[in-house]
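The structure appears below as structure tokens.
The values are calculated or read from the model by the stated rules, or taken from the named source; none is laboratory data. From a predicted model like this one, the values you see are computed outputs, not experimental measurements. We place every Cβ from the backbone using ideal geometry, glycine too, and count neighbours over all the protein chains shown.
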Amino acid sequence: MHHQPVMLAEVLSLIETYSRHARILDGTLGLGGYSEAILSRFPASTVLGLDRDEQALNFSRERLKDYSSRFRALHANFGDIAGLDECRDFDAYVFDLGVSNMQLTLPERGFSFQNDGPLDMRMDSSDGKTTAEEILASSTAEDLAKIFWDYGQERYAKLIASAIKKSPAPITTTGQLVKLIRDTLPQPVQRKMGTHPARRVFQALRICVNDEAGELHRLLAGLSEISHEALIIFVSYHSLEDRMVKYSFHEWQTNGKGKILTRHPLTPSEHETEENYKARSAKLRAFSLNTY
Ligand SMILES: C[S@@+](CC[C@H](N)C(=O)[O-])C[C@H]1O[C@@H](n2cnc3c(N)ncnc32)[C@H](O)[C@@H]1O
């Protein structure tokens, strides 16, 4: 599976400069891109990788099997970090938020508007949580419009939500949802969007299905309780997440819990955004906990 880790050079350089780079927690293991680079760059390091997606864990365990003496993967939700004994005492905690390429590419996961598949979108398919299909079926038009606006900044949220609720048959596949959006939005609007007409609705549904804002909130609260020196790094891809990280870092600094290392968020180089479309919206923020 092809995957270019986003802002990897910046992540490695921060770990090198601001931590003892001995014990690293990769809180969003995904396809193991960060973990592999960390294990290879810092030969004395050990890495614990967390993911809520078992497919990602299996893929990365296989990919990183040569490092098995220094690498471990754990099926866990980072929102639970405060209660996980395995997650204590790391020198650096790294989080690369959002979806992995594997989730986006496998049609059966239902994340992609480019492949037809069931409208699922659960990162953790084992936890029995609500799927995107169930959210479309059980929400009112007002609730759907709010989801599309809050999590996708979709300007035509109300129009699309009302078309979904008026659909004569339930929407159960990604293909059906894409077609409905294409049939609903006027052609000139679609031409002016500058992106796939379904992109924002898909993003919003994914964030809602996985309660991504709620989990990030719980993670930030958990990290704020760490009482030893630690480097915290976040790479985020939309303004809602970036704002949450930014406000928490400011609050931590104001409360004397350490210092912000990135006064302004770092962004990928022009070269990286040309090479990797996913990187275009990335923002990196770092905090040094309990150093003064
Ligand atoms: C952008 S990918 C990480 C890619 C990784 N840095 C790499 O280089 O391969 C994000 C990963 O975070 C996982 N994830 C998202 N929310 C999570 C959560 N609350 N707890 C644990 N893992 C989560 C997703 O399942 C996905 O595999």
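The residue list Leu219, Leu231 contains one member that is in contact (Cβ under 8 Å) with a residue 12 or more places away in the chain and in a helix (DSSP H, G or I), which is Leu219. Among the residues making up the range 128-170, those that are free of Cβ contacts under 8 Å to residues at least 40 places away in the same chain and outside any helix (DSSP H, G or I) are Gly128, Ser139, Thr140, Arg155, Tyr156, Ser167, Pro168, Ala169, Pro170.
Every test in (1) under 14 Å from Asp96 (Cα atoms); (2) more than 11 Å from the ligand (Cβ to nearest atom); (3) crowded, with 21+ Cβ neighbours inside 10 Å is passed by Leu216 save one, and that test is (2). The set of residues in the range 93-123 being surrounded by 23 or more Cβ atoms within 10 Å (Cβ to Cβ) and part of a strand (DSSP E or B) consists of Tyr93, Val94, Phe95, Asp96. Looking at the range 1-13, which of the residues that are of a type in the set (A, V, I, L, M) and near the ligand (Cβ under 8 Å from one of its atoms) is surrounded by the most Cβ atoms within 10 Å (Cβ to Cβ)? Checked the range 1-13; the qualifying residue surrounded by the most Cβ atoms within 10 Å (Cβ to Cβ) is Val6.
Taken across the range 29-43, residues that are within 25 Å of Ala213 (Cα to Cα), buried (at least 16 other Cβ atoms within 10 Å of the Cβ) and more than 8 Å from the ligand (Cβ to nearest atom) do not occur at all. Annotation note: of Glu225, Glu241, the sole residue that is part of a loop (DSSP other than H, G, I, E, B) and touching a residue at least 60 places away in the same chain (Cβ under 8 Å) is Glu225.
Is it the case that Gly194 is at positive phi and within 16 Å of the ligand (Cβ to nearest atom)?
On the way: at positive phi: yes; within 16 Å of the ligand (Cβ to nearest atom): no.
Answer is no for this residue.
State whether one or more residues within the range 141-161 are among the polar types (S, T, N, Q) and modelled with pLDDT of 95 or more. Checked against the condition, which is being among the polar types (S, T, N, Q) and modelled with pLDDT of 95 or more, the range 141-161 yields no hits at all. Scanning the range 55-78 for residues that are without any contact (Cβ under 8 Å) to a residue 40 or more places away in the chain and part of a helix (DSSP H, G or I) gives Leu57, Asn58, Ser60, Arg61, Glu62, Arg63, Lys65, Asp66, Tyr67. The set of residues from the range 50-103 being within 11 Å of the ligand (Cβ to nearest atom) and among the acidic types (Asp, Glu) comprises Asp51, Asp53, Glu54, Asp80, Asp96.
Just one of the listed residues (Glu108, Glu16) is more than 13 Å from the ligand (Cβ to nearest atom) and free of Cβ contacts under 8 Å to residues at least 24 places away in the same chain, and it is Glu108. Restricting attention to the range 1-43 and to residues that are under 20 Å from His228 (Cα atoms) and either in a loop (DSSP other than H, G, I, E, B) or among the small types (Gly, Ala, Ser) (or both), the residue that is modelled with the highest pLDDT turns out to be Gly27.
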